[in-house]
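The values are calculated or read from the model by the stated rules, or taken from the named source; none is laboratory data. These numbers were taken from a predicted model, which means no experiment stands behind them. Reconstructed Cβ throughout: ideal geometry from the backbone, glycine too, with neighbour counts over all protein chains shown. To get the accessible areas, we keep the full protein, side chains included, count just its heavy atoms, and leave off ligands, DNA and RNA. Shrake-Rupley method; radii C 1.70, N 1.55, O 1.52, S 1.80 Å.
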Amino acid sequence: MEYIRAFIVGGLICVIGQIILDTTKLTPAHILVTFLTAGVILGGIGLYEPLVKFAGAGATVPILGFGYSLAQGAIEGAKSNGVIGAFTGGITATAGGIAAAIIFGYIMSLVFKPKTKN
Amino acid sequence: MALKKLGSQTVKFHNPPSIISTYTIVGPKEGEGPLKDYFDFILEDDMWGQASFEKAEAKIQEETIKAAINNGNLTNQDIDFILSGDLLNQIVSSTYTARQLSIPYYGLYGACSTMTESLSLGAMIIDGGFADKVVCATSSHFSSAERQFRFPLEYGSQRNFSSQWTVTGAGATILSSTGDGPYITYATTGKIVDKGIKDASNMGAAMAPAAVDTLITHFKDTGFSPSDYDLIISGDLGKIGKSIVLDLLKKEGYDLSNNFTDCGVEIFDGEKQDTHAGGSGCACAAVVFNGYIYKEMKKGNLKRVLLMATGALHSTIINQQGESIPGIAHAITIDINKD
Amino acid sequence: MENMTNKEYQKYAEKKVPKPTYFKNMLMAFLVGGIICTFGQFIRNLLFKSGLDEKAVAGGTAIILVFLGALLTGLGVYDKIGKIGGAGAAIPITGFSNAIVSPAMEHRTEGLIFGVASKMFIIAGPVLVYGVTSSVLVGILYLLLTKGR
């Protein structure tokens, strides 16, 4: 059951993105930024957490979930360490994903070459 | 006195320069397209053993020019000038080609209009008596253009239906003061026309107004009508640009529906090859002209052709600053007879 | 040509562009996005089973998915998934990974410093800028709003 919820919620979030892509001049880079910021805001006002509880990875895997983690981290940091925590909390909570992207990006660029499309 | 000037933007050559040799090299995708039998050399690998796409493009242009010179039974010393250009920043493919050839070089930037820009200027230099033999050339490469103007190759984005596919390849023409044709008899130099299109994935619409302007000017200056040509062919307007040109010329009273097409529409099979609106890039007009059109004229199947390469003079930087994309189109009349 | 204003021309040119295949694109985005999220759920469950807490599971899932996105980008598969899935491939965290890995690979030819390292963020850089900025703002707003209580 939780797999079905993850599939449907994750899929629907992507459909919203596709509709924006197809009906506006926005590029995928715009969508990434918009969805991430939306995730931070929804996470900040507490609206995203119920969705994470309901859909699990369906809510955390889309970039909205990345924004939610940033917001959660910043709020928790602020709770325990005040202003300094507000600065450090977001990146701390998402450090794994960011570090992985940097390290694996670096490794892949050494191992693989881009291939021409045809 | 501009003795050879005709009307507002056209020149008529008194001693029309002759095309004495051409050569074309294309990438693997172009080599699977409908015009594959007209190209001189089809690459199996578009990197051609080079370390980067830019270096590969330079090698393609260099080998194309060398082969065109060779085809004409000439040596580098016989050539007075190279007139060439490409899409890359600082036209590096052309510069690094010229570095290898030690022939006096004029670098041109006209984006995808370069083929007719170089042929117009080459013909003027020869008819003016400043040279006997001139090489006119240009190149483009899908992957070097993608990374400069769009996204990395491995980035997972969708191309919309108005987008075009940059042709990998190069074409070179050798013009001579003597020869038995086909000849360049007229050249109409285009003005920049910009109707405010900002969408970099709809180059056809950005260039079409310039194409319309040059065509109308050409007919007015020369007194020709569309039916005087066996073929009127634009460079890389693609399906959308082609349809706009047909519409707008009809409004102005010119019917091109029988003999007008576009190199970008002809070079790929849009359905099978998934190229959306068609081919683009400097090489699009260059390989279709130096391959298909030249060979058909040599056979006598085409007698008089109006070739009009079209350029979207697009810079990502000023485009991001909010500017629109200026278009240009230069037309030349190529005739198997001198007059 | 002269009797058409720029606005009129832009409107006319807009109409010439074929409309995207809306339904097919939405369906493919739904399927591709859904499959990636379902796979994410599978990893989450696996990590929960191994006894990790919620935070470690979230971090671990992100790292594994980022790795898979990077590997598929390196193998030249992710761009094809993106072509089919559109937003369904771009919005999951694997798409974020693709946005970082693809320029890094592409610019390897310009060296390890100015190529790989500095071009790595040409697409995903804005994500980090806006993500970090907005999260710090959320943290500070939280402090301002809860101080009075």
task = Could you please let me know if B:E154 is open to solvent by 10 Å² or more (accessible area, probe 1.4 Å) and within 14 Å of chain C (Cβ to nearest Cβ)?
result = no
Residue among A:G97, A:G46 that is over 14 Å from C:S134 (Cα atoms) and outside any helix (DSSP H, G or I) = A:G46
request  = With the condition kept exactly as written, say whether any residue in the range B:94-104 is away from chain C (no Cβ under 14 Å), at pLDDT below 95 and either within 24 Å of B:A331 (Cβ to Cβ) or exposed (fewer than 15 other Cβ atoms within 10 Å of the Cβ) (or both).
outcome  = yes
message = Out of everything in the range A:74-84 that is within 7 Å of chain C (Cβ to nearest Cβ) and of a type in the set (G, A, S), what residue ends up being surrounded by the fewest Cβ atoms within 10 Å (Cβ to Cβ)?
response = A:G82
query = Consider A:A6 against the criteria (1) surrounded by 22 or more Cβ atoms within 10 Å (Cβ to Cβ); (2) within 14 Å of the chain's Cα centre (by Cα); (3) among the hydrophobic types (A, V, I, L, M, F, W, C): it satisfies all of them except one. Which criterion is unmet?
reply = (2)
note = If we ask which residues in the range C:19-30 are more than 7 Å from chain A (Cβ to nearest Cβ) and modelled with pLDDT of 95 or more, their number turns out to be 4
request  = Please find, among C:L46, C:L52, the residue that is closer than 16 Å to A:G97 by Cβ and open to solvent by 10 Å² or more (accessible area, probe 1.4 Å).
outcome  = C:L52
inquiry  = Being more than 21 Å from the chain's Cα centre (by Cα) and over 30 Å from B:G49 (Cβ atoms) is the filter here; which residues of the range A:62-118 pass it?
reply    = A:K79, A:S80, A:N81, A:G82, A:V83, A:I84
query = Can you name every residue in the range B:111-125 that is hydrophobic (A, V, I, L, M, F, W, C) and open to solvent by 10 Å² or more (accessible area, probe 1.4 Å)?
reply = B:C112, B:L121, B:M124, B:I125
query = Looking at this structure, is A:V33 part of a helix (DSSP H, G or I), surrounded by fewer than 19 Cβ atoms within 10 Å (Cβ to Cβ) and facing another protein chain (nearest Cβ under 7 Å)?
reply = no
remark   = Wholly inside the range B:1-110, strands (runs of 3 or more DSSP E) that include 1 or more residues that are closer than 15 Å to B:A172 by Cβ are B:18-26, B:81-86, B:105-107
task = Could you tell me which of the residues B:I60, B:I25, B:I20, B:I65 is of a type in the set (A, V, I, L, M, F, W, C), farther than 23 Å from A:K117 by Cα and surrounded by 22 or more Cβ atoms within 10 Å (Cβ to Cβ)?
result = B:I65
ask   = Among the residues of the range C:63-80, which ones are more than 9 Å from C:S97 (Cα to Cα) and not basic (K, R)?
value = C:I63, C:I64, C:L71, C:L72, C:G74, C:L75, C:G76, C:V77, C:Y78, C:D79
query = Residues in the range B:226-239 that are of a type in the set (G, A, S), buried (at least 21 other Cβ atoms within 10 Å of the Cβ) and outside any loop (DSSP other than H, G, I, E, B): how many?
reply = 2
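Results for (1) open to solvent by less than 50 Å² (accessible area, probe 1.4 Å); (2) touching a strand residue (DSSP E or B) at 6+ places or on another chain (Cβ under 6 Å); (3) more than 20 Å from C:C37 (Cβ to Cβ), shown as yes or no for each residue.
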site	(1), (2), (3)
A:T23	no, no, yes
A:A29	yes, no, yes
A:I41	no, no, yes
A:L64	yes, no, no
inquiry  = Is it the case, given these coordinates, that C:K16 is under 16 Å from A:A100 (Cβ atoms), more than 17 Å from the chain's Cα centre (by Cα), within 8 Å of another protein chain (Cβ to nearest Cβ) and open to solvent by 40 Å² or more (accessible area, probe 1.4 Å)?
reply    = no
Any pair with Cβ under 8 angstrom, 6 or more apart, that starts in the range B:236-255 at a residue that is within 18 Å of C:T5 (Cα to Cα) and ends at one that is assigned to a helix (DSSP H, G or I) and of a type in the set (K, R) = B:I244/C:K16
request  = Would you point out which residue out of B:K242, B:K198, B:K191 is part of a helix (DSSP H, G or I), open to solvent by 30 Å² or more (accessible area, probe 1.4 Å) and among the charged types (D, E, K, R)?
outcome  = B:K242
ask   = Do we find that A:I13 is facing chain C (nearest Cβ under 8 Å) and open to solvent by 60 Å² or more (accessible area, probe 1.4 Å) in this structure?
value = no
key: For B:T168: the one exception among (1) farther than 20 Å from B:L307 by Cβ; (2) surrounded by fewer than 24 Cβ atoms within 10 Å (Cβ to Cβ); (3) among the polar types (S, T, N, Q)   = (2)
ask   = Where in the range B:245-327 are there helices (runs of 4 or more DSSP H), lying wholly inside it, with at least 3 residues that are open to solvent by less than 10 Å² (accessible area, probe 1.4 Å) and outside the structural domain of B:S139 (by TED's automatic domain parsing)?
value = B:263-267, B:282-287
note = Output for Cβ contacts, cut-off 9 Å, separation at least six or different chains, first residue farther than 17 Å from B:G122 by Cα in the range B:72-84, second among the aliphatic types (A, V, I, L, M) and open to solvent by 40 Å² or more (accessible area, probe 1.4 Å), reads B:L74/B:I20
